[in-house]
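Each remark here refers to the structure printed beneath this line.
The values are calculated or read from the model by the stated rules, or taken from the named source; none is laboratory data. These numbers come from a predicted model, not from an experiment. Using ideal geometry, Cβ is built from the backbone for each residue, glycine included, and neighbour counts are taken over all protein chains shown.
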Amino acid sequence: MRSLQRKIVAVMLMSLCTAGANANSSSNAKIRLFTEEAAPLAFTEGNQSRGMSVEIARELIRRTGSDDAVIKIRPWARGYYKALHDPNTAIFSTVRTPEREELFQWVGPILVGTTSFYSLKSRALEINTLQDAKASGPLAVPKKWYTFDALSELGFDNLYGVATAKNMVTMLKHGRVKLIATQDVTLKDELATGGLKVAEVQSHVPFMHSVYYIAFSLSTAPEIVATWQKAFDDMRRDGTYAIILKRWLPDADPEQSVPLP
């Protein structure tokens, strides 16, 4: 009997040690952070990833001691899938929406953007309401953007879904659509991909504010997420966040982009 009891105790201890080892392995595993090409927030230059949100992520990696963490620029759908399903994985910069709220653990906010409609100034369009925008003809927006879903929910049946921001801007430039919808923080770089400048477009009807975060998978240890949130809060308080924001978005107001609590 005592021999059997010893065996049972030994098995239980082994199980506890294995569970503890697995937990430690999970919390100590390499963190992977996915983002997409979306200048000036994230983009590839040579063999390096750069941009405002990339610089914030690198500073958080340094402050949290996550020295082996990696940042990968990949198509949005691939990174989003990984962040949904893999432990120690995050995607940034991600709009925090009610639909996504329970799907991730959130660190931020790292940026607030305003989405508006834009047209060519040369057209001298009068777009003063959402109804005007609905009646303007085909309106180009990338299908993968949250903006596309948001406008669909607002009853827009004139959306022209495209693959990329470059496709959207090219259609505007060549008169295939009168309006596009995008955010102020990425407008300059998106227009440049299609050969337009900010001075050539005019904005109409700001209709949505998007708050961007780093979104960690639910299978990431909560203590990791808490450590990253604390590090980000420290960045905001000591002025590091404001310095990074001004470097990439010179006209942005740090208190409006991410107000301190």
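Condition check: surrounded by 13 or more Cβ atoms within 10 Å (Cβ to Cβ) and either outside any helix (DSSP H, G or I) or free of Cβ contacts under 8 Å to residues at least 24 places away in the same chain (or both). Does Leu196 satisfy that? Break it down stepwise before answering.
Numbers: surrounded by 13 or more Cβ atoms within 10 Å (Cβ to Cβ): yes; either outside any helix (DSSP H, G or I) or free of Cβ contacts under 8 Å to residues at least 24 places away in the same chain (or both): yes.
In short, yes.
Taking region 134-180, which residues are under 19 Å from Ser203 (Cβ atoms), in a helix (DSSP H, G or I) and touching a helix residue (DSSP H, G or I) at 6+ places or on another chain (Cβ under 7 Å)?
Ala165, Val169
If I filter region 209-225 down to residues being at pLDDT 95 or above and among the hydrophobic types (A, V, I, L, M, F, W, C), which single residue comes out as farthest from Leu187 (Cα to Cα)?
Applying the filter and picking the extreme gives Ala221.
Which of the residues that make up region 93-133 are touching a residue at least 60 places away in the same chain (Cβ under 8 Å), farther than 20 Å from Leu33 by Cβ and assigned to a loop (DSSP other than H, G, I, E, B)?
Leu125, Ile127, Asn128, Thr129
Of everything in region 208-236 that's among the small types (Gly, Ala, Ser) and touching a residue at least 60 places away in the same chain (Cβ under 8 Å), which residue is surrounded by the most Cβ atoms within 10 Å (Cβ to Cβ)?
Just the residues of region 208-236 that are among the small types (Gly, Ala, Ser), to begin with: 210, 215, 217, 219, 221, 226, 231.
Now narrow it down to the ones that are touching a residue at least 60 places away in the same chain (Cβ under 8 Å): 210, 215, 217, 219, 221, 231.
Numbers: Ser210: 21, Ala215: 27, Ser217: 20, Ser219: 13, Ala221: 18, Ala231: 18.
Going through the qualifying residues, I end up with Ala215.
Okay, residues lined up against (1) surrounded by fewer than 19 Cβ atoms within 10 Å (Cβ to Cβ); (2) modelled with pLDDT of 90 or more; (3) more than 23 Å from the chain's Cα centre (by Cα); (4) acidic (Asp, Glu):
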position: Lys7; (1), (2), (3), (4): yes, no, yes, no
position: Ser15; (1), (2), (3), (4): yes, no, yes, no
position: Thr18; (1), (2), (3), (4): yes, no, yes, no
position: Ser26; (1), (2), (3), (4): yes, no, yes, no
position: Phe43; (1), (2), (3), (4): yes, yes, no, no
position: Gly51; (1), (2), (3), (4): no, yes, no, no
position: Arg62; (1), (2), (3), (4): yes, yes, no, no
position: Val70; (1), (2), (3), (4): yes, yes, no, no
position: Gly79; (1), (2), (3), (4): no, yes, no, no
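Which of the numbered conditions does Asp189 fail, given that it passes all the others? Conditions: (1) under 25 Å from Leu33 (Cβ atoms); (2) crowded, with 19+ Cβ neighbours inside 10 Å.
Unmet for Asp189, out of (1) under 25 Å from Leu33 (Cβ atoms); (2) crowded, with 19+ Cβ neighbours inside 10 Å: (2).
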